[in-house]
Amino acid sequence: MTITKRIIVGNVSQWSLVSILLLLSGMFTLGRAELYGNFTYSTDGTSVTITKYNGSEANVTVPDNIRGTPVTTLGDYAFQKDTSLTSVIVPEGIVTIGNNVFDGCTSLKSITIPNSVSGIGIQLFYGCTGLTNAILGNSLTNIANNTFDGCPGLTGITIPSKVTTIGYQAFYNCSGLTNITIPDSVTTIGNKAFLWCASLTNVVIGNGVTTIGANAFNSCRGLQGITIPNNVTSIEYAAFFWCSGLRSITIPDSVTNIGVQAFYNCTGLTNVTIGNGVTNIVDYTFEGCTGLTNITIPDSVTSIGMYAFRGCIGLTSVTIPNSVTSIGAEAFIGCSGLKSVMIGKSVSSIGAHVFATCTSLTNAIIGNGVPIVGYGMFNGCIELKNVTIPDTVTTIGDLAFYNCTGLKSIIIPGSVTTLGSQAFYSCTNLTGVYFEGNAPVAIPDPFQGATDVIVHYREGTTGWGPTYSGRPTAIWIQQPTYQEWAMSVGLLDKYPNSSAETDDADQDGMTNLAEMQAGTDPTNPNSKLSFENAPRPEDLIDADKTALGPTDHALYLQTVPGKQYKIQSVTALGGVWQTEVTVTATTTQKRILVYKGFTQGLYRAILVQ
């Protein structure tokens with residue numbers, strides 16, 4: 001202890017208090033911590049570990065040996081928060097670099113890790129905001145968690161060919177990094193490995209990678225191209241979340257798992273090819289991919305999750321293959337550019353509002369095998385005009401066609417037993433609903449706001465009365481095809497070269513198709529859709545032959561069986577036409593009763609469908 005007393009008292013002017021305390025601490029800890037210049041170190045006699053750098057120099061060379069014993073390790077925190085340090089030379093012979101060694105060295109600009117180093121600790125360069133150049137030795141086997149976390153000045157890095165793992169947040173917020181090549185030796189890209197690398201434009205992933213970790217490239221908004229190799233089996237949660245610069249991606253057949261939000265909000269993504277190994281397109285996978293115009297769902301897929309394609313406004317058509325058995329709620333909601341959709345025959349589970357607010361959707365085909373048109377399935381599809389419902393559907397859910405203002409007619413198969421509440425709510429242009437079978441149970445009120453609806457039913461079916469759910473009913477009379485009609489009226493014989501739907505054979509200003517719809521003669525220019533002066537009793541139904549009441553006046557309209565006509569009136573030319581009644585014809589003439597006292601006015605008939 002006399003030596004200790006001499007150091008404390010006799011040499012106080014030559015030794016800093018910090019140095020004395022460090023030396024004393026080492027002497028009382030196994031007696032092996034010692035000073036060598038500005039370095040505190042420990043040794044086991046065969047190798048040296050640098051435990052602390054105590055100086056303030058900007059450029060530091062780590063010794064390769066101390067008193068003849070080789071330096072092999074830079075210990076944990078050895079240079080931590082040394083803000084004076086700008087460069088470090090690490091000698092060959094160093095095998096291990098510990099945790100947080102250069103953590104917070106904000107002035108450090110460059111460093112070379114020698115080839116002798118095989119392992120590095122976590123957070124090695126954490127928060128080294130001034131680091132622009134780092135060379136990694138070719139013996140390195142891992143890039144540990146948070147190695148370059150928060151190094152925005154780093155623009156490029158070469159990953160050595162022996163590295164097998166890129167750890168958690170290894171390059172987190174390296175906002176200056178522009179490109180990266182991941183060698184074949186790497187098998188795992190850890191969670192958040194390149195999160196917020198906003199300038200990263202190109203990534204080459206080697207063939208050894210099997211897992212792209214959660215958030216691995218999250219918010220790499222500059223990323224434009226990436227090739228996923230055939231060895232990858234899993235793309236995990238939010239792996240490419242908000243990679244808004246990504247243009248196209250091919251998911252190889254080797255991938256069996258795609259995580260939730262894997263490509264969420266990739267607004268620049270236009271084309272996606274999904275490999276045949278994928279069985280589930282999970283929740284939110286492509287939500288917000290507003291530029292996506294093309295997607296092919298392979299036959300391997302059995303389910304499409306909630307919000308999987310929500311807001312993909314660039315999609316114009318979607319085919320859901322027969323392999324899919326379930327579609328989650330709002331899977332395609334808000335895909336405002338979607339024009340057509342075909343749903344495969346195996347879908348047995350459909351969530352709410354699957355295609356809601358797809359405002360450009362005009363055609364929808366539901367596969368033969370689907371049991372339900374789900375809750376709000378086409379809610380707000382204002383352009384929807386054609387819907388094919390198969391005879392396997394038993395239920396049309398509540399609000400299924402809510403506010404489908406473009407829908408004019410729809411056929412309901414005989415398999416349907418339940419018509420949901422407000423199923424056709426506010427379908428203001430819907431005039432004809434055609435039921436193939438018996439009257440289904442209607443939960444009030446399926447036609448609320450669809451005031452012009454006439455319900456048509458097949459002769460011989462049951463449960464029908466004068467009205468159905470508050471709407472008038474009529475027997476459904478099947479219309480002939482255009483070719484059948486053209487033959488029956490002599491158009492094909494008289495005008496074989498002007499018999500197409502768009503031709504005007506008799507040159508009266510109406511196309512042949514328009515004449516078919518109006519019930520007029522396409523070979524006679526004097527044949528017009530009009531009121532007639534007198535009844536034709538043989539062409540009227542019994543209800544239209546009854547005696548007139550004292551306040552009634554009769555109008556007789558030339559009609560086509562099965563067609564609907566809207567009768568309107570106006571008090572004077574230039575006024576607003578008001579709809580008096582909508583009728584469905586069952587013969588070639590229809591009587592319209594109007595109030596006899598209405599003497600100063602005009603009437604017109606409009607073909608509804």
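Here are the numbers for the structure shown:
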quantity	calculated
Calculated semi-axes √(5λ) of the Cα gyration tensor in Å (choose from (1) 100, 47, 21; (2) 48, 30, 26; (3) 84, 22, 20), label	(3)
23 Å Cα-Cα reach of Lys494 towards lysines, excluding residues that sit fewer than 8 places from it in its own chain	Lys528
Cα long-axis angle, helix 17-27 against the chain (0 to 90 degrees, to the nearest 10)	80
For the stretch 135-177: accessible area per residue (Å², 1.4 Å)	33
Listed residue pairs exceeding 23 Å between alpha carbons, taken from Lys339/Lys408; Lys566/Lys590; Lys345/Lys563; Lys81/Lys109	Lys345/Lys563
Percentage, to the nearest whole number, of Cα pairs in the stretch 490-609 over 19 Å apart	54
The chain, helix-only ellipticity at 222 nm - DSSP H runs n ≥ 4, -39,500 (n - 2.57), divided by all residues, nearest 500	-1500 deg cm²/dmol
Longest exposed-site-free window of the chain, the sites being GluC sites (Glu not before Pro) in a DSSP loop that have at most 14 other C-beta atoms within 10 Å	93-458
Taking N as its residue count, the alpha carbon Rg of the stretch 66-152 over 2.2 N^0.38 Å	1.00
Coordinate range along principal axes, alpha carbons of the stretch 25-173, Å, largest first	42, 31, 22
Sites Asn138 and Thr46 - FRET efficiency at Förster radius 25 Å, r taken between beta-carbons, to 0.05	0.50
In Å, descending, principal axis extents of the Cα set of the stretch 307-359	26, 19, 14
Inter-probe distance in nm under a simple model that places probes 7 Å from Cα toward Cβ, at Gln507 and Glu459	4.1
The chain - percent relative contact order, Cα under 8 Å, separation 6 or more	4
Residue-wise HN-Hα coupling along the stretch 300-309, computed from phi with Karplus coefficients 6.51, -1.76, 1.60 (Hz; x: Gly, Pro)	6, 6, 10, 8, 10, x, 4, 6, 4, 10
Carbon plus sulfur fraction of accessible area for the stretch 239-305, probe 1.4 Å, in percent	47
The stretch 24-133 - percent relative contact order, Cα under 8 Å, separation 6 or more	19
Förster radius 22 Å - calculated FRET efficiency between Ile606 and Ala547, Cβ distance, rounded to 0.05	0.20
Lys162 accessible area, assembled protein chains, probe 1.4 Å, Å²	110
Computed P(r) (all Cα pairs; the stretch 123-251; 5 Å bins; percent)	2, 13, 22, 29, 21, 10, 3, 0
Principal axes of the stretch 281-374: Cα extent on each, largest first, Å	31, 26, 22
Distance histogram in 10 Å bins (all Cα pairs of the stretch 29-113, percent per bin)	18, 56, 23, 2
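The values are calculated or read from the model by the stated rules, or taken from the named source; none is laboratory data. Remember, it's a predicted structure, so these values are computed and weren't measured experimentally. No Cβ is skipped: glycine too gets one built from the backbone with ideal geometry, and neighbour counts run over all protein chains shown. Just so you know, the surface numbers come from the protein's heavy atoms only, side chains and all, with ligands and any DNA or RNA stripped out. Shrake-Rupley method; radii C 1.70, N 1.55, O 1.52, S 1.80 Å.
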